[in-house]
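Engineer: Below is one structure. I have some questions about it.
The values are calculated or read from the model by the stated rules, or taken from the named source; none is laboratory data. Note that this is a predicted model, so its numbers are computed, not measured. A quick note on method: Cβ atoms are made from the backbone with ideal geometry, for glycine too, and the neighbour counts reach across all protein chains shown.
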Amino acid sequence: MSAIPPPVAAAVQPSRAGRNLPVAILVGLVLGALIILTHFWHKELFLVLATASVSVGCWEITQAMRRKGICVPVIPVVLGCVAQLTAAFFLGEQALFVAFALTCALVLIWRASEGVSGAAADVGGGMFIAAYPALLAGFAMLLLASPDGAWRSFTFMCVTVASDIGGYIVGVLAGRHPLAPRISPKKTWEGLAGSVMACVVVGIVMVTLGLHGPWWVGVVLGVLVAAAATVGDLAESALKRDLGVKDMSSILPGHGGFMDRLDSLVVSAPFVWATLALLVPATA
C-alpha cells in the first residue's frame, strides 16, 4: 500500500487540540441551532432536549464504568435522571433533592435485588452518576423554570460555551504552560486566561442586554463560570483517565460523547443559578 501524500496526510490529521475541527464545528453549529430554537420557541422543548442529552450522558458513564468492572444498573439511573430534571423544572429545588434521594434509593434496591457480590462499587457508581451529571444538571432546569427562564438558561449556556471557545482559541494560539499536565496535557494557563476573558465579555453582554442586570454581575458570573467550567472539564478528564477511556463515547462526531460536551455545563449550572438568583431578580 502506498504512503499517503503529505498534503493529504496533513488534511486528515486532527487539529492541535486533538479533534477533527471542521466536523466539530459543524456538529457544534447544529447543537447551537437546537439550543437557540428550543429556548425561544417553547422553553419546554429545551427541557426535553436537556433531559435527553443528560440521560445519554448518564448512560455513557455507566458504559465506561463497565470497563473497570463497575456494573451500575442503567434503568434506575436513567429514570432518576429524567425524574430529577423534570422535578426541578416543574416543582423547584426541593423536589430536585427529593428526586435525587429517591434515585439513590432506587439504585440501591435495584442492585441489591441482583445479589451482594460487587454491590458496594455498583451502588456507589450509581449514586455518583445520580449526582454527576443528573443532580447538577437539575440546577439548569431551575434556571429555565423562572418567569424569564429562557434568557436565564440561554445566558448560562452562552457564558459556559464561551469558556470552551475562549480557552480553545487562546490555548491553540498561545498555550505554552500546562495547567494540569497529569490530567489534561493540552489545557494551559493561557487557555484559562482566554476562558476568563471570553466568559466575562459574554457575561456582561448577556446580563445587561438579556436580563437587564448590572454589568458587574456579568463580571462575577464570567469569573465563576470560567473557574467552574475548567474544574468540570478537568474532573471529567480525570474520570476518563481513571476509567481508561479517551472519550465517553463517539456519538457526537468531532466531540466524543454527550458527557464530553456536558462536563463544564453541569458543574457551572449551580453557580449560575445561585449567582442570578441572588443578584438578578426574576422578571416576567
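Engineer: Taking the options Gly126, Gly138, name whichever one is over 26 Å from Ala227 (Cα atoms), modelled with pLDDT of 95 or more, assigned to a helix (DSSP H, G or I) and among the small types (Gly, Ala, Ser).
Structural biologist: It is Gly126.
Engineer: Can you tell me which condition Leu209 does not meet? The list is (1) within 26 Å of His42 (Cα to Cα); (2) in contact (Cβ under 8 Å) with a residue 12 or more places away in the chain, and all the others hold.
Structural biologist: Answer for Leu209: the failing condition is (2).
Engineer: Then there is this: Filter the stretch 47-91 down to the residues that are within 15 Å of Leu102 (Cβ to Cβ), in contact with a Cys (Cβ under 7 Å, 6 or more places away or on another chain) and of a type in the set (Val, Ile, Thr) and list them by number.
Structural biologist: Val77, Val78
Engineer: Same structure again: Identify, please: which residue in the stretch 244-284 is part of a helix (DSSP H, G or I) and over 14 Å from the mean Cα position of the chain (by Cα) and is, among those, surrounded by the fewest Cβ atoms within 10 Å (Cβ to Cβ)?
Structural biologist: So, considering only residues that are part of a helix (DSSP H, G or I) and over 14 Å from the mean Cα position of the chain (by Cα), the one surrounded by the fewest Cβ atoms within 10 Å (Cβ to Cβ) is Leu278.
Engineer: Which members of the stretch 58-78 meet the condition of being assigned to a helix (DSSP H, G or I) and in contact (Cβ under 8 Å) with a residue 40 or more places away in the chain?
Structural biologist: Cys58, Glu60, Ile61, Thr62, Gln63, Ala64, Met65, Pro76, Val77
Engineer: On to the next question. Would a scan of the stretch 104-121 turn up a residue that is closer than 22 Å to Phe258 by Cα and in a helix (DSSP H, G or I)?
Structural biologist: Scanning the stretch 104-121 turns up no residue that is closer than 22 Å to Phe258 by Cα and in a helix (DSSP H, G or I).
Engineer: Provide a single number: the residues in the stretch 170-185 that are touching a residue at least 24 places away in the same chain (Cβ under 8 Å) and more than 19 Å from the chain's Cα centre (by Cα).
Structural biologist: Matching residues across the stretch 170-185 total 5.
Engineer: I'd like to verify a number: residues in the stretch 126-170 that are surrounded by 23 or more Cβ atoms within 10 Å (Cβ to Cβ) and closer than 28 Å to Arg67 by Cα, how many?
Structural biologist: 8
Engineer: Sticking with this structure for a sec: Within the set of pairs 6 or more residues apart or between chains, which connect a residue that is modelled with pLDDT under 95 inside the stretch 262-284 to a residue that is surrounded by fewer than 18 Cβ atoms within 10 Å (Cβ to Cβ) and outside any helix (DSSP H, G or I) with Cβ atoms less than 6 Å apart?
Structural biologist: These pairs meet every condition: Ala282/Pro147; Ala284/Pro147.
Engineer: Select from the stretch 222-238 the residues that are within 14 Å of the chain's Cα centre (by Cα) and buried (at least 19 other Cβ atoms within 10 Å of the Cβ) and list them in ascending order.
Structural biologist: Val225, Ala226, Ala228, Ala229, Thr230, Gly232, Asp233, Glu236, Ser237
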